Amino acid sequence: MLKSLPKNKRFRRLITSSTVLIFIISLISCAQKRDNSRIIVSSKGKIESIDPAQANKLLAIQLISSLGDTLYEINSKGVLEPKLAKTLPKVSKNGLTLLIPLREDVLFHDGTRFDAYAMAFSLNRFIEIGTLNYVISDRIKSIETPEKFLLRINLRRPSSSIKGLLTSINLTPVSPTSYSENHKTFKNNTFIGTGPYKLTSFTPEGLSLDPFENYWDKKVANQGIDYINYKTSLSLFSAIKSGQVDVLLSNSIEDGHRLALNKLSQRGVLNEGIGPAMQIGYIALRSNNLPLSNKTLRKAISYSINRNLITEKVSYGLREPLRSIVPPILKEEQISPWPEYNPKYAKELFKQSNYCEDERLSIPITFRSNVPADKLLALTWQEQVKRDLSECLILELNGVESTTIYKRLAEGAFEAVILGWTGDYPDPEAYLSPLLECSKIDGEVCKEGEAVYGGTFWATPEIQSALKKGESLTGTERTKILKKVEILAAEGSAIIPIWLVKPRVWTQADFNYPEFDGSGRLLLEKLKRNLNE
């Protein structure tokens, strides 16, 4: 799946070396000659950039996580741990300064040493040109290097989510030596970082990773990774089932194939790994024009959606119904403020707006044509409405390629559109702010900000005040304010959460069990084939 992006630059997230591809294909076609110490990983999707300042697809982020390190990481138990940092950040009493001691034994792939200057160079580069620079540009005031291995980050305001933010793969450091001429430009087909693998070949269709012999931490468990792109879900399914590939990432594979692979894993034919659920699917309603500027109609639509039916029909129960825009794994207090399916009450709300008698509300539902689950969601909802609310509501389906959708969201091109979102770092703020923040409001219409770029154009001063306040709070007080934000968003009904998606990966049965980190990324460096079997 692709991440839908409530920020103009963010939408780029959505959207050869032929020698490498020929080599990989030859390995596949001549299985008996394959070097079984290397691992063939497959998915559906091209990799347009491997620059952490530019990359914005889940697949690219997955691969960069093996090529580079971050200052901190979230482990499988959801606990923040130092990575390139030596200790957890030391925060000043006023919350405006972070001191981060750095490891002194880290080398970049080009042999140069990682230090505070390199980290500052990479952070400033991201602030300057990053596709997702909204993540930190309004929080970080300046970055200083008082000592060779000591980083000082000065904040514009206290930020309770800054520690989680420093786990973002997009803030992976790159070598100042190798990127000296790319301080203000992207370097999309090479990567010089500090990770356990180094990039040896890159094309949009495939790439090769070799172990980095001078890696500072544990060595990888295999002799390298070859990634290859397949064009269809069926070809992916056939490749993993026949043994042509070793590992299949679940991004964009159809839910019917997911179910079949799940059953094969239950029979021991394949291994299935399941990571933490960090991706949400939702519907964005454009609220700045009639008819959906009418909040009563938006609420009626919210009550018209049978999430249990949709998740069962579309994903055979592999996705979970969701009535929140923050994944449960990130919340201390579990709340589901969006309403459950209630066609009777939905009909009452439609009638309050003079529908259901002489007139029916007709709404075009746009879905990403290259995301199979979106179309099935739209079809299931359409049939459900025909059955239960046909005298009030008509849903007209409209399939558009995802890249086009992301480019046109801020234009207000879609009255209702099915999207997906995965936070850039594991924190509730990484879901609430990108979907709800607004810097200029007129009534409940957002004129500038994330809500515009996300296509809802809806905001309230109360939500903006709560988001700002929540950034300076911790513990129970922060939990309360974030709960308030979700309740207000549910009342506004411009965003309607539908389901929760867990990342899945399948490997051949002679591999060890796939492991994920706390952000839902597969740990490629831990994959290993049992050569004795």
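The values are calculated or read from the model by the stated rules, or taken from the named source; none is laboratory data. Remember, predicted model here, so these are calculated numbers, not experimental data. A quick note on method: Cβ atoms are made from the backbone with ideal geometry, for glycine too, and the neighbour counts reach across all protein chains shown.
Somewhere in segment 220-241, is a residue crowded, with 21+ Cβ neighbours inside 10 Å, closer than 22 Å to Leu123 by Cβ and touching a Phe, Trp or Tyr at 6+ places or on another chain (Cβ under 8 Å)?
Checking segment 220-241: not a single residue is crowded, with 21+ Cβ neighbours inside 10 Å, closer than 22 Å to Leu123 by Cβ and touching a Phe, Trp or Tyr at 6+ places or on another chain (Cβ under 8 Å).
Counting only residues that are part of a strand (DSSP E or B) and within 19 Å of the chain's Cα centre (by Cα), which one in segment 249-282 is surrounded by the fewest Cβ atoms within 10 Å (Cβ to Cβ)? Outline the logic, then answer.
First pass over segment 249-282, keeping only residues part of a strand (DSSP E or B): 249, 270-274, 279-282.
Narrowing the set further to residues that are within 19 Å of the chain's Cα centre (by Cα) leaves 249, 273-274, 279-282.
Numbers: Leu249: 23, Gly273: 21, Ile274: 16, Gln279: 24, Ile280: 24, Gly281: 25, Tyr282: 20.
Looking at the filtered set, the residue picked out is Ile274.
What's the number of the only condition in (1) in a helix (DSSP H, G or I); (2) closer than 24 Å to Leu377 by Cβ; (3) of a type in the set (A, V, I, L, M, F, W, C); (4) out of contact with any helix residue (DSSP H, G or I) (no Cβ under 8 Å at 6 or more places or on another chain) that Ile487 fails to meet?
(2)
Can you list the strands (runs of 3 or more DSSP E) lying wholly within segment 109-205 that have 2 or more residues being under 30 Å from Thr232 (Cβ atoms) and not hydroxyl-bearing (Ser, Thr, Tyr)?
Working: elements: 140-147, 150-155, 197-202.
Filter on segment 109-205 gives 197-202.
What tally of residues in segment 176-219 results from selecting those that are β-branched (Val, Ile, Thr) and either at pLDDT 95 or above or surrounded by 21 or more Cβ atoms within 10 Å (Cβ to Cβ) (or both)?
Looking only at segment 176-219, we keep the residues that are β-branched (Val, Ile, Thr), and these are 177, 185, 190, 192, 194, 200, 203.
Next cut, either at pLDDT 95 or above or surrounded by 21 or more Cβ atoms within 10 Å (Cβ to Cβ) (or both) only: 177, 192, 194, 200.
Residues in segment 176-219 being β-branched (Val, Ile, Thr) and either at pLDDT 95 or above or surrounded by 21 or more Cβ atoms within 10 Å (Cβ to Cβ) (or both): 4 in total.
Here are the criteria: (1) more than 27 Å from the chain's Cα centre (by Cα); (2) surrounded by fewer than 16 Cβ atoms within 10 Å (Cβ to Cβ); (3) within 20 Å of Gly470 (Cα to Cα). Tell me which single one Lys141 does not satisfy.
In the conditions (1) more than 27 Å from the chain's Cα centre (by Cα); (2) surrounded by fewer than 16 Cβ atoms within 10 Å (Cβ to Cβ); (3) within 20 Å of Gly470 (Cα to Cα), Lys141 misses (1) alone.
Any residue in segment 370-391 that is under 16 Å from Ala416 (Cβ atoms) sitting within a Cβ distance under 8 Å of a residue that is at pLDDT below 95 and in a loop (DSSP other than H, G, I, E, B)? List the pairs, counting only those 6 or more apart or interchain.
Val371/Met1; Val371/Leu2; Val371/Ser252; Lys375/Ser369
Under 6 Å between Cβ atoms, at least 6 apart or on separate chains: pull out the pairs that start in segment 290-311 with a residue that is small (Gly, Ala, Ser) and end on any residue that is surrounded by 21 or more Cβ atoms within 10 Å (Cβ to Cβ).
Pairs that qualify, where the first residue is small (Gly, Ala, Ser) and the partner is surrounded by 21 or more Cβ atoms within 10 Å (Cβ to Cβ), are Ser293/Ser287; Ala300/Ala346; Ala300/Leu349; Ala300/Phe350; Ser302/Ser493; Ser302/Ile496; Ser304/Ala346; Ser304/Leu389.
Can you find a residue in segment 453-462 that is in a helix (DSSP H, G or I) and within 26 Å of Ala413 (Cβ to Cβ)?
Initial filter on segment 453-462 (in a helix (DSSP H, G or I)): 453, 461-462.
Checking which are within 26 Å of Ala413 (Cβ to Cβ) leaves us with 453.
Within segment 453-462, one or more residues are in a helix (DSSP H, G or I) and within 26 Å of Ala413 (Cβ to Cβ).
Looking at segment 321-353, which of the residues that are charged (D, E, K, R) and at pLDDT below 95 is farthest from Trp381 (Cα to Cα)?
Here is the first cut: in segment 321-353, the residues charged (D, E, K, R) are 323, 331-333, 340, 344, 347-348, 351.
Keeping just the survivors that are at pLDDT below 95 gives 331-333.
Numbers: Lys331: 28, Glu332: 31, Glu333: 30 Å.
Across segment 321-353, the extreme among qualifying residues is Glu332.
In segment 420-430, how many are modelled with pLDDT of 90 or more and in contact with a strand residue (DSSP E or B) (Cβ under 6 Å, 6 or more places away or on another chain)?
The total comes to 3.
Name the single residue, out of those in segment 391-421 being charged (D, E, K, R) and within 22 Å of the chain's Cα centre (by Cα), that is surrounded by the fewest Cβ atoms within 10 Å (Cβ to Cβ).
Just the residues of segment 391-421 that are charged (D, E, K, R), to begin with: 391, 396, 401, 407-408, 411, 415.
Pick out the ones that are also within 22 Å of the chain's Cα centre (by Cα) and you get 401, 407-408.
Working: Glu401: 14, Lys407: 16, Arg408: 16.
This residue is Glu401.
When you scan segment 160-173, do you find a residue that is farther than 30 Å from Ser37 by Cα, among the hydrophobic types (A, V, I, L, M, F, W, C) and out of contact with any helix residue (DSSP H, G or I) (no Cβ under 8 Å at 6 or more places or on another chain), even just one?
yes
Restricting the search to segment 98-128, which residues are in contact with an Asp or Glu (Cβ under 9 Å, 6 or more places away or on another chain) and under 21 Å from Asp51 (Cα atoms)?
Val106, Arg113, Phe114, Asp115, Ala116, Ala120
Looking at segment 51-67, is at least one residue basic (Lys, Arg) and either under 21 Å from the mean Cα position of the chain (by Cα) or buried (at least 21 other Cβ atoms within 10 Å of the Cβ) (or both)?
So far as segment 51-67 goes, yes, one or more of its residues are basic (Lys, Arg) and either under 21 Å from the mean Cα position of the chain (by Cα) or buried (at least 21 other Cβ atoms within 10 Å of the Cβ) (or both).
Listed here are the residues, each with its yes/no results for (1) at pLDDT 95 or above; (2) crowded, with 21+ Cβ neighbours inside 10 Å; (3) assigned by TED's automatic domain parsing to the domain that holds Thr366.
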residue: Ala284; (1), (2), (3): yes, yes, yes
residue: Ser287; (1), (2), (3): yes, yes, yes
residue: Ser293; (1), (2), (3): yes, no, yes
residue: Leu309; (1), (2), (3): yes, no, yes
residue: Arg319; (1), (2), (3): no, yes, yes
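Is at least one residue of segment 337-344 more than 22 Å from Gln279 (Cβ to Cβ), part of a helix (DSSP H, G or I) and in the same structural domain as Val400 (by TED's automatic domain parsing)?
Taking every residue of segment 337-344 in turn, at least one turns out to be more than 22 Å from Gln279 (Cβ to Cβ), part of a helix (DSSP H, G or I) and in the same structural domain as Val400 (by TED's automatic domain parsing).
Kindly provide the set of residues from segment 402-434 that are assigned to a loop (DSSP other than H, G, I, E, B) and out of contact with any Lys or Arg (no Cβ under 7 Å at 6 or more places or on another chain), ordered by number. Reasoning before the result, please.
Step one: list which residues in segment 402-434 are assigned to a loop (DSSP other than H, G, I, E, B), which gives 412-415, 423-428.
Across segment 402-434, the qualifying residues are Ala413, Gly423, Asp424, Tyr425, Pro426, Asp427.
Is it true that Ser287 is among the polar types (S, T, N, Q) and not in a helix (DSSP H, G or I)? Give the derivation first.
On the way: among the polar types (S, T, N, Q): yes; not in a helix (DSSP H, G or I): yes.
Spelling it out, Ser287 is indeed among the polar types (S, T, N, Q) and not in a helix (DSSP H, G or I).
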